[in-house]
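The values are calculated or read from the model by the stated rules, or taken from the named source; none is laboratory data. Source: prediction; values computed, not measured. Positions of Cβ are generated from backbone atoms using ideal geometry, with glycine treated the same way; all protein chains shown enter the neighbour counts. Keep in mind that these areas ignore ligands, DNA and RNA; they rest on the heavy atoms of the full protein, side chains included. Shrake-Rupley method; radii C 1.70, N 1.55, O 1.52, S 1.80 Å.
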Amino acid sequence: MALELGRPTGVVTFDQLNDLLPSATMAPEDIEAVMQALSDEGINLVESDPS
């Protein structure tokens, strides 16, 4: 989901990621895997949408 969201613009905001990930139920390793997948695709995690 996060990859599809970030592909068109190359960015995903922290708020968007928080909305997508149920952080209360995700293990830290799972969150790290999502962040690594974003990085591997060249998608940056940013504080706010630059547009």
Scan (1) at pLDDT 90 or above; (2) under 11 Å from the mean Cα position of the chain (by Cα); (3) loosely packed, with under 13 Cβ neighbours inside 10 Å for the single condition Glu29 breaks and write down its number.
(2)
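So in segment 1-26, with the set limited to residues that are of a type outside the set (Phe, Trp, Tyr) and touching a strand residue (DSSP E or B) at 6+ places or on another chain (Cβ under 7 Å), which one is most open to solvent (accessible area, probe 1.4 Å)? Lay out the reasoning, then the answer.
As a first pass, look at segment 1-26 and keep what is of a type outside the set (Phe, Trp, Tyr): 1-13, 15-26.
Narrowing the set further to residues that are touching a strand residue (DSSP E or B) at 6+ places or on another chain (Cβ under 7 Å) leaves 2, 5-6, 10-13, 17.
Values: Ala2: 11, Leu5: 72, Gly6: 0, Gly10: 18, Val11: 24, Val12: 0, Thr13: 13, Leu17: 11 Å².
Checking each candidate, the answer is Leu5.
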What number of residues within segment 3-51 are in contact (Cβ under 8 Å) with a residue 40 or more places away in the chain and of a type in the set (Ser, Thr, Tyr)?
2
